[in-house]
Amino acid sequence: MAKEFISDYPSMDDLRNKAMRRIPKFAFEYLDGGCNEDVSISRNTSEIRDIQLQPRYLRNNGTTSTKTKVLGMEYDAPFGIAPVGLQGLMWPNSPEILAKSAFKHNIPFILSTVTTMSIERSCELTEGNAWFQLYNPVDDAIRDDIIERANVAGCPVLVLLCDVPTFGYRPRDFRNGLALPPKMTVANILQILGKPTWALNTLKYGQPTFETLKPYTPEGLDLKQLGAFMDKTFSGKLNEEKIKPIRDKWKGKLVLKGVASEQDTQDAIRMGFDGIIVSNHGGRQLDAAQSTINSLAEIVTKYSNQIEIMMDSGLRSGPDIARTMASGAKFTFMGRSFLYGCGALGKKGGDHTISMLKTQFKQVMDQLCCERVEDLPKHLIK
Ligand SMILES: Cc1cc2nc3c(=O)[nH]c(=O)nc-3n(C[C@H](O)[C@H](O)[C@H](O)COP(=O)(O)O)c2cc1C
């Protein structure tokens, strides 16, 4: 067992429950919720868990390795940290905690355009190993500058997000008055006062801001004006015309995140993407969406030899990672899970969550008598 593993919190539910007690309600619900009636968020996990795997007990050479290759790089396990906006709001300093842990454990960390750490800091903490997720800016000059900064900082992979053509309809955020960035209502302030560790850490690390976007944000905006600036600066509505200059300018690997259909996969292949992340944004955008494990099943059968296919949304455990890899994904990501870890355990949260998931995942491989991650599909019961 890795030394960072804290045996009081052996499951994601333990971490989530503790995080719920330590994070103010408006911030926890922003992290934890889905959209509309929360159908998609629960379907994602339940349909992953419908997958069953078969062990091969008499073929055991006792040499399991969790190392996994994706996009020409080798990682210690087949999972990484998905891009999450406003991480510092959920837990102060959490993007730094997670970037450092990801680097230490040799798994990928993806920085969101709208999180609370800059591209430069993320690459500094990971010695140039962090990936960067781009929300497409409306202004071409801002787009080109962000791409150039990711390039100079040494990011190996640019992840272009395609599944936010509009804001998700999230009832909890309406009720909590949570806009981007959050409004400080009396109710929110009272919630903060009830979470002293979060409040003290926020004082220590300062009010979270959109660090990567600082050079483009006019000074002296109040929170409302900043929200309006963000709405005006980014557009999630993508098409080939908007993607072409990004492909031309980005020299590293380019990944499209948020793919849920064969048609978008075909387009991604034609437009020269190196990989896709089959994702429905963790069930936060379209409550009527297909679960990602079912989208994956359709896409991998036809396109896995033409583009690298990764998946996120709904995974919460080592068995979930194994089920997804057995279903044909080349790699997996998780979003909420790592923030539950930080919310529960602060600066130990990154190391513990990664160790826990890796321990659980390796146990499944050992139990299946599956020695190599790429052999997991042989254990899928169809
Ligand atoms: C609070 C929150 C904020 C998110 N912000 C972003 C973002 O800024 N960029 C992005 O590409 N995806 C974002 N996502 C989606 C995640 O990258 C990922 O697709 C999703 O969390 C996967 O589902 P899971 O949380 O069930 O693992 C966000 C997800 C959550 C929960």
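The values are calculated or read from the model by the stated rules, or taken from the named source; none is laboratory data. Worth saying up front: this structure is predicted, and the values here are computed from it rather than measured. We place every Cβ from the backbone using ideal geometry, glycine too, and count neighbours over all the protein chains shown. Remember, those area values only see protein heavy atoms, side chains included, never the ligands or the DNA or RNA. Shrake-Rupley method; radii C 1.70, N 1.55, O 1.52, S 1.80 Å.
Remarks
- Per-peptide average of other Cβ atoms within 10 Å, ordering 50-63, 268-281 highest first: 268-281, 50-63
- Among residues other than residue 162 with Cβ under 9 Å from its Cβ, the summed charge is -1 (Lys and Arg +1, Asp and Glu -1).
- If the segment from residue 269 to residue 221 were pulled out straight at 0.36 nm per residue, it would be longer than the present Cα-Cα gap by 13.2 nm.
- Ordering of 353-360, 103-110 by burial proxy (mean other Cβ atoms within 10 Å per residue, highest first): 353-360, 103-110
- Near-label residues of segment 120-149 by backbone N, under 14 Å of a point 7 Å along Cα→Cβ of residue 209: none
- Averaged over its residues, segment 12-379 has an accessible area of 42 Å² per residue, based on protein heavy atoms and a 1.4 Å probe.
- Label zone at residue 169, where the point sits 7 Å out along the Cα-to-Cβ direction: segment 284-328 residues whose backbone N lies under 11 Å: 286-288
- Listed residues 144, 13, 139 arranged by accessible area, highest first, probe 1.4 Å: 13, 139, 144
- Magnitude of the charge dipole for the chain, about its Cα centre and with charges confined to Cβ atoms of Lys, Arg (+1) and Asp, Glu (-1), is about 800 debye.
- Global dimensions of the chain from alpha-carbon coordinates: Rg and Dmax equal 19.9, 68 Å.
- Spacing of the two label points (7 Å from each Cα toward its C-beta) at residue 141 and residue 69, in nm: 4.4 nm
- For segment 148-164, putting each phi into the Karplus relation 6.51 cos²θ - 1.76 cosθ + 1.60 with θ = phi - 60° gives couplings of 5, 5, 5, 5, 4, 6, x, 4, x, 9, 9, 10, 9, 8, 10, 9, 10 Hz, in residue order, rounded to whole numbers and with x for Gly and Pro.
- For residue 106 and residue 381, the difference between the fully extended length at 0.36 nm per residue and the C-alpha to C-alpha distance is 96.0 nm.
- Computed from label points 7 Å out along Cα-Cβ, the spacing between residue 359 and residue 57 is 2.5 nm.
- Relative packing of peptides 311-323, 187-199, 148-160 - highest average C-beta neighbours within 10 Å first: 311-323, 148-160, 187-199
- Whole-Hz ³J(HN,Hα) from phi, Karplus 6.51 cos²θ - 1.76 cosθ + 1.60, for segment 139-147, glycine and proline x: 7, 4, 5, 5, 4, 5, 5, 5, 4
- Cross-linked pairs 251/358; 67/302; 214/244; 25/362; 3/214: Cα-Cα separations exceed 30 Å for 251/358; 25/362; 3/214.
- Relative contact order for the chain: 31 percent, from Cα pairs under 8 Å spaced at least 6 residues apart, divided by residue count.
- Accessible area in the full protein assembly, largest first, 1.4 Å probe, for 205, 30: 205, 30
- Using a probe radius of 1.4 angstrom, the carbon and sulfur fraction of the accessible surface of the chain is 52%.
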